[in-house]
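What follows is one structure encoded as structure tokens, with my remarks underneath.
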Amino acid sequence: MESIDELLHSPSFVRGVDLKLSGRTATQLRHADDMQLVGCAVALGTGDGLIVLDLQKKGSRDLEGEPCTEVNRHAVDVEPFFPASMGR
């Protein structure tokens, strides 16, 4: 996928919420099959395409923190290394 708009039309993801991370437009999503809400993804558009950071619970260990809060925090940490944004 090349854009956030394409990702929002994908049947794999639901519950798109627009937000700003470090001044960059982003969209927070969950996997369509994640009924227990144990994961979260954030998508950021760049001049070179789409970057999606996806946090999913694996195994039996409990998550430390709320998934969307954690993936957003990590997105802010690595955002300075992403190519420049070209809008949505």
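The values are calculated or read from the model by the stated rules, or taken from the named source; none is laboratory data. Computed from a predicted structure; not experimentally measured. All Cβ positions, glycine included, derive from the backbone under ideal geometry; neighbour counts span all protein chains shown. The accessibility values were calculated without ligands, DNA or RNA, using every heavy atom of the protein model including side chains. Shrake-Rupley method; radii C 1.70, N 1.55, O 1.52, S 1.80 Å.
What about Ser60, is it part of a loop (DSSP other than H, G, I, E, B) and open to solvent by 70 Å² or more (accessible area, probe 1.4 Å)?
Values: part of a loop (DSSP other than H, G, I, E, B): yes; open to solvent by 70 Å² or more (accessible area, probe 1.4 Å): yes.
Taking the combined requirement at face value, the residue satisfies it.
Look through the range 35-49, keep the residues that are in a loop (DSSP other than H, G, I, E, B) and touching a helix residue (DSSP H, G or I) at 6+ places or on another chain (Cβ under 9 Å), and return whichever of them is least open to solvent (accessible area, probe 1.4 Å). Spell out the reasoning first.
So in the range 35-49, the residues in a loop (DSSP other than H, G, I, E, B) come out as 35-38, 47-48.
Filter once more, so that each one left must be touching a helix residue (DSSP H, G or I) at 6+ places or on another chain (Cβ under 9 Å): 37-38.
Details: Leu37: 80, Val38: 43 Å².
Among those residues, the one meeting the criterion is Val38.
Of Val71, Val17, Val52, Val76, which residue is of a type in the set (A, V, I, L, M, F, W, C), open to solvent by 40 Å² or more (accessible area, probe 1.4 Å) and outside any strand (DSSP E or B)? Break it down into steps so the answer makes sense when it comes.
Numbers: Val71 fails: open to solvent by 40 Å² or more (accessible area, probe 1.4 Å); Val17 fails: outside any strand (DSSP E or B); Val52 fails: outside any strand (DSSP E or B).
Exactly one of Val71, Val17, Val52, Val76 is of a type in the set (A, V, I, L, M, F, W, C), open to solvent by 40 Å² or more (accessible area, probe 1.4 Å) and outside any strand (DSSP E or B), namely Val76.
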